[in-house]
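Single-structure report; data block below.
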Amino acid sequence: MRASVLSDWLAQRLDRGNGQPIYRQLHRLLQQAILSRELPAGSKVPSSRLLAQELGIGRNTVTQVYEQLVLEGYVSSATGRGTFVADSAPDEIVGAPEGEFGFGPRGIGSAAGAGMLDLPAAPGAPDPRRAPPPLQAARALSTRGARLIAGAGVSKRQWGAFMPGVPDVTKFPARVWSRLHNKYWRRLRPDLLTYAPGGGLASLRHALADYLRTSRSVRCTPEQIIITTGIHQSVDLAVRLLSDPGDLIWTEDPCYWGVRSVLHVSGLQSRPIAVDDEGINPCADDLAHPPKLMLVTPSHQYPLGMVMSLARRRLLLEYARQNQCWIIEDDYDSEFRYGSRPLASLQGLDTSGQVIYVGSFGKTLFPGLRIGYLVVPEALAESFATASAELYREGQLLQQAMLAEFIAEGHFTSHIRKMRTLYGQRRQTLLDAAAHRYGDVLPAVGGDAGLHLVMQLPEGSDDRRVATAALERNIVVRPLSGYYAQPSLAPSGLLIGYACVPDEDIAPAFNTLADAIDATLPQFA
């Protein structure tokens, strides 16, 4: 009679027509019944012969399931006694009042057990307790985890018009890269297939040192270069080694959402500093509270695009020297300037060793390469190299070897020159399309460098709604307000990336974006 209760419960849930084997279904259902305490600890389960007969399935199937449950610890079996649900879960929380954690008596004839399986318990078995409610995602995350997810800016789309910050990967010199790839695999060296040494592959660090000295006026030796997977890891490593939770860090306002997310989970106290036409602009109150770290983008402020003036650079360096602050210089998109030569780095002006220089190949080559780097003061080089190997256990030495030769043979600088010309043309095509549609009503800023420009929207406009309306039309733009510490008080605008859009597609794609703007903002309807 009682065995038939379990049989009925299982029979209602077995689906012989869904294509999944019966033994898998039966195994899953019995697991579910045990874990949810529908089958309390100590309960005796029917014999394999009886359960097979009740369900109309082969006894071997039931026997196979029982044996698997024994192996997994869900049930125990003793010759001559039968098979019982194992007592594998806690029945009470010491010191907690009954019911505080959602536990309560369950079993034969209890109110809590109404509608559940009426199965026999083994003599002396403890009363099973009510299972706790399912863990909710909001409760599962830590405070910093919830903060990270709430402020996440990552997009599900990473390609197409007008995705900001994405280069045209179709123009990458694939034949050259393929030749290097084949070369290194033909002459396979075991040391390139293991973990990376601290700091990265020596040949890449040498090639980078030569390139940075000549093109970015960075003063460094190969030993000062630490290879990473990109900007996020570089900033994370610098923050871990140079600060403690609770320390103050200055960030530009607005700033790149990805780095802001890294800081959110670091435990640092972030102080957003407004930018003006000369870059980060700390006020008297800011200067009265020296930070442990500053994070700046002097060569091309992200996302607004202004260049930090020489006077502001000297002020920042002197303030950092006097107050023993570290400056993290993110040299964002410095290679892509249109109409003028790339500007020298802030690190090149540093005479006191306060600047950590950060760069990557994500924009200059392709994002999927996942190779970046730091240039650290000489006194910190060994510590950073050791910490990088200790924390991240880097690899990708084949990729690093290929990249080193790619740079040494001149392909890297050649590719940058070619792409600078191409992106400059696409930038102008986008500006022309915007002017044709809106004249000077919606001005564009920050277009003298980088891979995107910012189109300003009228004050009070909801740029998030515009971005959503554009996405519904298969156009990807980012709302400018999302880059500010207080989006509700931020100016409204759109980040429009042009680098990965073919020339002939820019004007039609912009007209589609303009349709989204017109549909969202009444003044343009």
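The table below lists the values:
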{"quantity": "Tabulated pairs, region 287-301, first buried (at least 24 other Cβ atoms within 10 Å of the Cβ), second of a type in the set (Ser, Thr, Tyr) and modelled with pLDDT of 95 or more, C-beta under 7 angstrom, 6+ apart or interchain", "calculated": "LEU293/SER243; LEU295/THR251"}
{"quantity": "Test: residue in region 318-335 that is surrounded by fewer than 17 Cβ atoms within 10 Å (Cβ to Cβ) and either modelled with pLDDT under 95 or of a type in the set (Val, Ile, Thr) (or both)", "calculated": "no"}
{"quantity": "Among the residues listed as ARG205, ARG271, ARG216, the single one being surrounded by fewer than 21 Cβ atoms within 10 Å (Cβ to Cβ) and among the charged types (D, E, K, R)", "calculated": "ARG271"}
{"quantity": "Which listed residue is crowded, with 21+ Cβ neighbours inside 10 Å, farther than 24 Å from SER383 by Cβ and modelled with pLDDT of 95 or more, from ILE280, ILE227", "calculated": "ILE280"}
{"quantity": "Boolean, ARG478 is exposed (fewer than 15 other Cβ atoms within 10 Å of the Cβ) and among the basic types (Lys, Arg)", "calculated": "no"}
{"quantity": "Region 393-450: number of residues that are in the same structural domain as VAL477 (by TED's automatic domain parsing), more than 24 Å from ALA514 (Cα to Cα) and in contact with a strand residue (DSSP E or B) (Cβ under 9 Å, 6 or more places away or on another chain)", "calculated": "1"}
{"quantity": "Any chance GLU472 is surrounded by fewer than 17 Cβ atoms within 10 Å (Cβ to Cβ), of a type in the set (Asp, Glu), over 25 Å from TYR256 (Cα atoms) and out of contact with any helix residue (DSSP H, G or I) (no Cβ under 7 Å at 6 or more places or on another chain)", "calculated": "no"}
{"quantity": "Single unsatisfied condition, VAL358 versus (1) of a type in the set (A, V, I, L, M); (2) surrounded by fewer than 23 Cβ atoms within 10 Å (Cβ to Cβ); (3) under 30 Å from the mean Cα position of the chain (by Cα)", "calculated": "(2)"}
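The values are calculated or read from the model by the stated rules, or taken from the named source; none is laboratory data. These numbers come from a predicted model, not from an experiment. Neighbour counts are summed over all protein chains in view; Cβ atoms, including those assigned to glycine, are modelled from backbone coordinates with ideal geometry.
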